[in-house]
Structure formats: C-alpha cells, structure tokens
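The values are calculated or read from the model by the stated rules, or taken from the named source; none is laboratory data. Note that this is a predicted model, so its numbers are computed, not measured. Backbone-built Cβ (ideal geometry, glycine too); neighbour counts: all protein chains shown.
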C-alpha cells in the first residue's frame with residue numbers, strides 16, 4: 001500500500017462526503033471532481049404534514065414580527081430576523097418542527113405548533129416582543145399576541161442571576177415547563193444557551209453572586 005497508491009476495495013464500498021453548500025467553493029477541486037454531487041436541504045427530510053406545520057409557523061412568525069399598517073403591508077423594515085435571535089429561514093422552523101414532531105407525534109399538530117411558538121418566543125428580543133403589540137398578529141388575533149407578550153415577560157429575564165434562580169426554583173416541574181429537554185434524566189442538568197447584549201468583559205461571577213457556581217472559560 002505504501003509503494004502503490006492504487007488500493008483494491010470491495011465492489012460494494014461507498015464513500016459519501018457531506019459538505020455545507022456554502023463551503024463547497026473552499027474544498028479541493030480534484031476531490032470534488034471524483035464524486036457525484038447531490039444537493040440536499042433540511043426541507044427534503046420533511047413529511048407533508050411537517051411542511052404544512054412549517055408553512056403555518058412561517059405565517060405566524062411573519063405576522064408577529066411585522067408592524068401592522070392600514071393597508072396590511074408592513075413598511076417599518078422590521079422582520080423575523082429583528083425579533084428572533086439567530087433566525088434562519090432555511091433551518092429554524094424546519095428544525096423546530098422535526099424536533100417537536102418526535103416528542104409529540106406528528107398527528108398532534110396543535111401541541112407541536114404551540115411548543116414551536118413557545119421556543120421561538122424563548123429566543124425573541126424584548127424590543128421585538130414590545131413591537132408585537134402593534135404587529136399584524138395583534139391586529140388579526142389580539143388575544144394570542146397579548147398571550148405571548150405576557151408569557152415572555154412572566155419569565156425571569158431581568159438579569160442572569162434571577163434567571164438561574166428561577167430555573168432552580170422550578171426544578172421539580174421541568175417536565176411540564178420544558179426547561180430540561182431530557183427531563184427523564186435530570187442528572188444531565190439544565191441545557192440552556194443565554195443570548196445577551198452584555199459586554200464580553202462583563203464579570204459573570206458578580207452576576208451570579210447569590211448562587212454557588214463553577215465557571216469554565218472557553219475560547
């Protein structure tokens with residue numbers, strides 16, 4: 001094998017490379033030339049029922065993030081990217097539907113939609129939630145818009161210490177509240193990501209002064 005680069009392989013041997021389409025241009029051209037190319041997106045993995053749910057969520061996201069006007073067309077420039085942190089039209093809603101379909105079963109559409117909306121509100125910005133009171137959703141369904149507004153501000157979002165404390169206080173009801181996604185194994189603890197506009201040099205220890213914590217710096 002060291003003297004001859006040509007190595008015999010079984011006739012049933014298959015080699016599959018999975019590449020991000022955005023990074024294909026950076027790959028080695030000779031390598032790419034030896035493979036048959038197939039383009040695959042997350043939408044290809046969706047069932048018809050899932051696609052229907054994604055479409056419904058997409059309409060809801062557009063309505064709650066767009067400011068209502070007299071002609072029903074938002075001219076403010078605000079959209080889902082301004083309201084939901086890290087929102088990606090090609091992946092966010094599809095990923096939520098796939099994940100929650102596995103938890104609730106594809107036939108339970110209302111539960112899936114409700115949980116997807118709840119998780120989206122979890123990554124919403126406070127200014128986006130405030131604007132939602134004047135959104136298209138608030139005009140067409142004021143009750144639902146107010147419900148999500150209240151849901152957002154009932155959560156402990158004043159500071160990191162308050163948020164962590166609320167998680168600990170609600171530890172026994174995590175299965176219903178969704179704070180721990182793997183509630184059947186609580187030893188895994190809380191699996192959360194906190195999005196913040198705080199300065200990178202913020203002293204996290206001082207923010208968690210009332211909680212016993214162990215911090216690990218990465219990067």
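Assorted remarks:
- Apart from one condition, residue 156 fits all of (1) in a helix (DSSP H, G or I); (2) surrounded by 15 or more Cβ atoms within 10 Å (Cβ to Cβ); the exception is (1).
- Search result, residues across the range 125-159 that are over 23 Å from residue 59 (Cα atoms), touching a residue at least 24 places away in the same chain (Cβ under 8 Å) and more than 20 Å from the chain's Cα centre (by Cα): 159
- Odd one out for residue 79 among (1) without any contact (Cβ under 8 Å) to a residue 40 or more places away in the chain; (2) more than 29 Å from residue 194 (Cα to Cα); (3) in contact with a helix residue (DSSP H, G or I) (Cβ under 6 Å, 6 or more places away or on another chain): (2)
- Counted residues, the range 53-64 - those being buried (at least 17 other Cβ atoms within 10 Å of the Cβ) and either under 16 Å from the mean Cα position of the chain (by Cα) or at pLDDT below 90 (or both): 5
- Top-ranked residue of the range 176-219 - restricted to ones that are over 24 Å from the mean Cα position of the chain (by Cα) and modelled with pLDDT of 75 or more, ranked as surrounded by the fewest Cβ atoms within 10 Å (Cβ to Cβ): 201
- Scanning the range 16-38 for residues that are in a helix (DSSP H, G or I) and more than 28 Å from the chain's Cα centre (by Cα) yields 29, 30, 31, 32, 33.
Per-residue answers, yes or no, for (1) within 21 Å of the chain's Cα centre (by Cα); (2) surrounded by 10 or more Cβ atoms within 10 Å (Cβ to Cβ); (3) more than 22 Å from residue 149 (Cα to Cα):
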| site | (1), (2), (3) |
| --- | --- |
| 40 | yes, no, yes |
| 50 | yes, yes, yes |
| 115 | yes, yes, no |
| 123 | yes, yes, no |
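- Residues that are surrounded by 15 or more Cβ atoms within 10 Å (Cβ to Cβ) and touching a strand residue (DSSP E or B) at 6+ places or on another chain (Cβ under 8 Å) occur in the range 88-101; there is at least one.
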